[in-house]
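Worksheet: the structure to be examined is printed underneath.
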Ligand code: KG4
Ligand code: ZN
C-alpha cells in the first residue's frame, strides 16, 4: 500500500479541493503591492497587500518613482506569501492576471510586466484587467473567513445580470450601469475624486497619508459627541449644484480649506500633526470635518437619488477605498432600505486596492471567453472601462 500523502495544514486548501480555474493576480496600480489567488468558485484562497505607507509618508502623498521601486522590492515576499497561504505553487495556477490601468504608469508597468512574463513562462491564459472593473465587481466577493476558520473565503456571489455600480476611491468617483457584463459609465469625477478631497483636507491639517481614514475617524468622533453642526463656528457646507450624474468635489474642498483658514484667523490651532492616535480633534476642527464629511456623502447619495429616478435600480454595488467611509456606509444602507434597493457594499477587506478583486474580475472575463495577448497588453494611466 502506498504511503499516505501528508495532510495539508488544516487552515489551507489543498490543491485538490480548489475549483478550477485558479487565477493568480497582481495589482500595482498605485502604492499598494497586491497578490491574490482566487479559485473558480470565486473563493479567495489568499490576498496579500503590502502597503508603502512609510515610504510615502514624508511627502504627504504618493511619489510615483518611489511607488515603482517599492513594488519591485515588495513583489518577491508578497507573491511568496500569497502562494504559501493558498497552499499552491505557481505551476498549479491556471490563469494569470494583472492590472493594466488606470493608475501610475511606472507602478502599473511593474505588475503588468511581471504578469505578462509569468503567463508567457507558464504557458497560461492572461488577463490585463481594468482597475475599476476590479473595484466594480468586488462587492460580490465573500468576506474573509473569521479567524481560526479556513483561510479561504466562501464562494463569490454571481453578480446579477443588471446592477448599478458606484466606485469611490482616491482617483475616481464613478457611477456605472452593468448589463450582462457590458459596463456603461453614467457619471464620473469632473475634478477631485471623493477620496482625494478627504486626503487633501486632511493634509492641510497635517494628518499623515493616507488622510481619508483619519478625517473619517475625527468626523465620526465629533459627530458621536453630538456636536456636529452645533455652535456658531460650525461651517455649513454646500453641495455642488452640478446637474446630472457627474461628481464634483473641488468646490467642497475649497470650502473646507477656507473654513480651516477662518478658524486659524480666530486663533484655533488646526495643526493635527501631533495628535495622539485615537485622540479627538479640537472641537471646532472636529465640527468642521463632520460638516465636510456630511456634505461629501450627501453629494454621493444625491447622485444615486437622481439615477434611481431616471433608471430605477434593483441592485446597487458600492466599492473603492472611500467606500470604507463610515457615514457613507450608514447613509447608503438607509437610502437603499427606504427604496427597496438591494445594497451590495464591498467588505472592508476589499475596499482599498487589492489583487483579489483583480483575480475575481479576471475570472468573470475568463468565463465570458475573453483573454488578452500578453505581448500586446500595455499599461495605461487613463482608461475607460470598455463597454
Ligand atoms: O481604492 P483605493 O485604495 O485606491 C484608489 O484606487 O484610489 O482608495 C484610496 C482612497 C484614498 O483617497 C483614501 O484616503 C480613501 O480611499 N479612503 C477614505 C476612507 N478610507 C480610505 N476616504 C474617506 N473615508 C474613509 N474611511
Ligand atoms: Zn483603487
Could you check the spin-label model distance between residue 41 and residue 338? Points 7 Å from the Cα along Cα→Cβ, value in nm. 4.0 nm
Between the Cα axis of helix 283-310 and the main Cα principal axis of the chain, the angle (0 to 90°, nearest 10) is 60 degrees
Please give the length that would be gained between residue 122 and residue 242 if that part of the chain were fully extended, namely 0.36 nm times their separation in residues minus their C-alpha to C-alpha distance (nm, one decimal). 38.2 nm
Applying 1/(1 + (r/R0)^6) with R0 = 45 Å to the Cβ-Cβ distance of residue 311 and residue 375, what FRET efficiency is obtained, to the nearest 0.05? 0.65
Any idea how far the Cα center of segment 165-194 sits from the one of segment 22-64, in Å? 21 Å
How big is the shadow of the Cα convex hull of the chain, averaged over all directions, in nm²? 20.9 nm²
Relative contact order (%) - the chain, alpha-carbon pairs under 8 angstrom, separation at least six: 23 percent
With axes computed from alpha carbons, what is the tilt in degrees of helix 105-122 against the longest principal axis of the chain, rounded to the nearest 10 within 0 to 90? 20 degrees
Where both partners of a DSSP beta bridge lie in the chain, what percent of those bridges are antiparallel, to the nearest 5? 55 percent
Most fluctuating residue given options 57, 43, 266, as computed from a GNM of the chain linking Cα atoms under 10 Å: 266
Put a dot 7 Å past each Cα toward the Cβ at residue 19 and residue 59; how far apart are the dots in nm? 4.2 nm
If you take the beta carbon distance between residue 80 and residue 273 as r and set R0 to 35 Å, what does 1/(1 + (r/R0)^6) give as a FRET efficiency, to the nearest 0.05? 0.45
Determine the calculated [θ] at 222 nm for the chain from helices alone, applying -39500 (n - 2.57) to every DSSP H run no shorter than 4 residues and normalising by the residue count; nearest 500 deg cm²/dmol. -12500 deg cm²/dmol
Order by neighbour count: 137, 59, 120, 176, fewest other Cβ atoms within 10 Å first, most last. 59, 120, 176, 137
Who wins for biggest fluctuation among 99, 89, 185 in a Gaussian network model of the chain, springs between alpha carbons below 10 Å? 89
For helix 212-224, report the angle its Cα long axis makes with the longest principal axis of the Cα atoms of the chain; keep it between 0 and 90° and round to the nearest 10°. 50 degrees
Sorted by Cβ density within 10 Å, fewest first, the residues 357, 313: 313, 357
Compute the Kirkwood hydrodynamic radius of segment 266-348, taking the inverse of the mean of 1/r over all pairs of distinct Cα atoms, and give it in Å to one decimal. 14.8 Å
Any idea how far the Cα center of segment 90-107 sits from the one of segment 258-280, in Å? 41 Å
Go ahead and run the numbers for FRET between residue 154 and residue 185, Cβ-Cβ distance against an R0 of 35 Å, rounding to 0.05. 0.70
Neighbour-count ranking for 126, 247 (other C-beta within 10 angstrom, fewest to most) reads 126, 247
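Each value in this text was obtained by applying a stated rule to the coordinates, not by laboratory testing. Keep in mind that what you see is a predicted model, and the values were worked out from it rather than measured. No Cβ is skipped: glycine too gets one built from the backbone with ideal geometry, and neighbour counts run over all protein chains shown.
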